[in-house]
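Below is one structure, written out as structure tokens; the observations come after it.
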Amino acid sequence: MADFSGVDFLRLDDLLSDEEKLARQSVREFVSKEFLPRIQEHVRQDGSFPMALVPKLADLGLFGANLHGYGCAGMNNVAYGLVMQELERGDSGLRSFASVQGSLVMYPIHAYGSPEQKQRWLPELAGGRAIGCFGLTEPDFGSHIGGMRMKAERRGSRWILNGTKRWITNGSLADVALIWARTQDGVRGFLVEKGSRGFTAGDMKGKFSLRASITSELFLQDVEVPETSRLPGAEGLKGPLSCLTQARYGIAWGALGAAMACYEEALRYSQERLVQGGPLAGKQLTQEKLVFMLTEITKAQLLALRLGRLKDEGKLDHTMVSMAKRNNVDAALQIARLARDLLGANGIVDDYQAMRHMVNLETVRTYEGTHDVHTLILGEHITGIRAL
Ligand SMILES: Cc1cc2nc3c(=O)[nH]c(=O)nc-3n(C[C@H](O)[C@H](O)[C@H](O)COP(=O)(O)OP(=O)(O)OC[C@H]3O[C@@H](n4cnc5c(N)ncnc54)[C@H](O)[C@@H]3O)c2cc1C
């Protein structure tokens with residue numbers, strides 16, 4: 001695999017600090033040297049993640065990278081975004097692993113946990129010695145989380161949890177599952193440990209997409225947890241929704257990485273592939289596709305960078321994140337489809353990346369708020385009329 005040098009048509013690197021570029025470079029090298037040589041093997045086995053790389057991901061400071069204290073790297077949000085971009089240049093499954101651990105498990109413990117919960121879990125999760133998962137989606141409710149059926153009933157100083165969560169990344173791997181459940185006072189989050197009585201996880205097989213990632217179903221039958229396992233600061237749906245905003249921010253950057261990988265592969269391939277006496281890249285139709293790809297990548301980079309700066313200034317609104325997630329994932333998916341097309345028959349085999357990214361991006365379009373759900377969030381923001 002040739003070295004990847006990035007895509008920077010508008011000289012956006014001039015707007016990055018040395019620390020931000022360094023964070024990007026270290027993940028870029030890790031992905032090229034250590035992750036990409038293994039991805040084919042893991043994609044061929046449905047639901048297998050290169051767990052051997054977890055300590056290295058932790059050494060690079062990639063779990064909860066934009067959080068402060070407790071062994072976290074404390075990067076600014078642009079550096080964090082660039083890290084997500086580079087991880088997803090490898091595979092959406094790799095970025096998902098880091099997003100779930102950091103944005104969906106460590107962030108809520110950091111934001112809403114008790115001092116004891118933070119001390120107990122954050123250093124372990126940052127160090128990759130513990131794995132976490134985020135249980136929000138249920139078999140009957142994905143987009144409409146208000147319909148949640150998972151129930152938590154209070155009995156003295158303990159809670160009893162009953163219900164099922166589905167489509168949970170890293171569910172069967174996790175040492176701690178953050179389970180969102182309905183209580184008589186509204187939705188609350190509970191840290192449920194692996195091995196708790198009545199708690200089982202089974203992996204979902206047959207995925208065409210995100211194959212190098214573990215996706216599980218979690219079953220909770222009369223699982224008893226102490227009150228000290230409830231996140232004290234998380235009240236109502238704003239708890240899980242605020243975690244989703246963090247993860248969606250990372251996805252807006254991550255999708256760029258997948259798009260860049262596809263663009264770079266299609267460009268290189270079309271320069272080398274000869275058709276009718278000349279390179280495929282010399283054909284007008286090919287150039288139109290490449291121009292579309294580069295333009296969409298550049299627009300998406302501008303969105304992501306502005307979002308990152310606003311996040312660092314504390315001026316980010318969740319609707320801005322919706323726009324970036326919706327746009328950047330959609331652009332990446334269109335780019336991946338065009339790249340697959342340009343590769344012809346070679347585009348359907350796993351010696352090339354385009355189709356792997358393309359099918360992964362179908363998941364990315366669906367999770368963390370589907371494309372249409374983000375359309376409706378923005379529609380409500382513009383008109384003041386809720387259509388969701
Ligand atoms: C590989 C993978 C990993 C995942 N990991 C996690 C995880 O770690 N934790 C977790 O909790 N969840 C996870 N998810 C679940 C994911 O977040 C949900 O799949 C997503 O929220 C969509 O829910 P759904 O699949 O039930 O689709 P639905 O909500 O049933 O949507 C189906 C279709 O209806 C559309 N739709 C929905 N509502 C409306 C409306 N009001 N108007 C118009 N159209 C509408 C949607 O846009 C979509 O096109 C994962 C999913 C996948 C595929």
Which ³J(HN,Hα) values, rounded to whole Hz and listed in residue order, are derived for the range 361-377 from phi using the Karplus coefficients 6.51, -1.76 and 1.60 in 6.51 cos²θ - 1.76 cosθ + 1.60 with θ = phi - 60°, glycine and proline given as x? 5, 5, 5, 4, 5, 8, 7, 6, x, 5, 3, 5, 4, 5, 4, 6, 5
Using DSSP to call loops (not H, G, I, E or B), can you name the trypsin sites (Lys or Arg not before Pro) in the range 90-140 whose Cβ has at most 14 other Cβ atoms within 10 angstrom? R129
So what are the ³J(HN,Hα) numbers for the range 225-239, from phi and the Karplus equation (6.51, -1.76, 1.60; θ = phi - 60°), rounded to whole Hz, Gly and Pro as x? 10, x, 4, 5, 8, 7, 6, x, x, 9, 10, x, 5, 5, x
Quick check: the distance between the Cα centres of the range 285-318 and the range 38-98, to the nearest angstrom? 21
Check cross-link reach from K207 to the lysines: straight Cα distance under 22 Å, and skip same-chain residues fewer than eight apart. K165
Most fluctuating residue given options A261, A336, A111, as computed from a GNM of the chain linking Cα atoms under 10 Å: A111
Mean separation of Cα contacts under 8 Å, 6 or more apart, over the residue count of the chain: relative contact order %: 17
Please compute the length gained on full extension between Q45 and D341, using 0.36 nm multiplied by the number of residues separating them and subtracting their Cα-Cα distance. 104.1 nm
Report the FRET efficiency, 1/(1 + (r/R0)^6), for R306 and Q119, where r is their Cβ-Cβ distance and R0 is 30 Å, rounded to 0.05. 0.25
For V223, which sequence-distant residues (separation of 5 or more, or a different chain) have an amide H within less than 5 Å of its own amide H, given hydrogens modelled in the peptide plane? L161
Hypothetical label at E19: residues of the range 84-106 whose amide nitrogen lies under 17 Å (7 Å Cα-Cβ projection): 84
Just need the relative contact order of the range 70-131 here, percent rounded to a whole number, with Cα pairs under 8 Å and 6+ apart. 44
With Cα springs under 10 Å, the Gaussian network model of the chain assigns the largest mean-square fluctuation among M355, M204, M260 to M204
Would you tell me the accessible area of K151, worked out with a 1.4 angstrom probe on the heavy atoms of the protein chains, in Å² to the nearest 10? 110
The answer for E138, listing residues at least 5 apart or on another chain whose modeled amide H is closer than 5 Å to its amide H, is R166
Would you work out if the range 66-165 is rounded, prolate or oblate? Take a ≥ b ≥ c from the square roots of the eigenvalues of the alpha-carbon gyration tensor; rounded if a/c is under 1.5, else prolate when a/b is larger than b/c, oblate otherwise. oblate
Neighbours of S229 by Cβ distance under 12 Å: Lys/Arg at +1, Asp/Glu at -1, summed charge 0
Karplus-derived HN-Hα couplings along the range 288-305 (A = 6.51, B = -1.76, C = 1.60, θ = phi - 60°), whole Hz, x at Gly and Pro: 4, 5, 5, 5, 4, 4, 5, 5, 5, 4, 5, 4, 5, 4, 4, 4, 5, 5
What is the percent carbon and sulfur in the accessible area of the chain, measuring with a 1.4 Å probe over the protein chains and ignoring ligands? 51
Net charge of Cβ neighbours under 14 Å - reference R38; Lys, Arg +1; Asp, Glu -1: +1
Can you give me the long-range amide H partners of G171? Hydrogens built in the peptide plane at 1.01 Å from N, cutoff under 5 Å, separation of 5 or more residues or another chain. S216
Over 31 Å (Cα to Cα) among K21/K325; K205/K283; K289/K315; K33/K283; K21/K289 -> K205/K283; K289/K315; K33/K283
Once you order the gyration tensor axes a ≥ b ≥ c over the Cα atoms, which shape class does the chain get: rounded for a/c under 1.5, otherwise prolate or oblate by comparing a/b with b/c? prolate
Name the residue, out of Q276, Q45, Q119, whose mean-square fluctuation peaks in a Gaussian network model built on the chain with Cα pairs under 10 Å. Q276
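The values are calculated or read from the model by the stated rules, or taken from the named source; none is laboratory data. Only a predicted model underlies this, so the values are computations on that prediction, with no experimental measurement involved. Cβ sites come from the backbone with ideal geometry, for glycine too, and all protein chains shown count toward neighbours. Remember, those area values only see protein heavy atoms, side chains included, never the ligands or the DNA or RNA. Shrake-Rupley method; radii C 1.70, N 1.55, O 1.52, S 1.80 Å.
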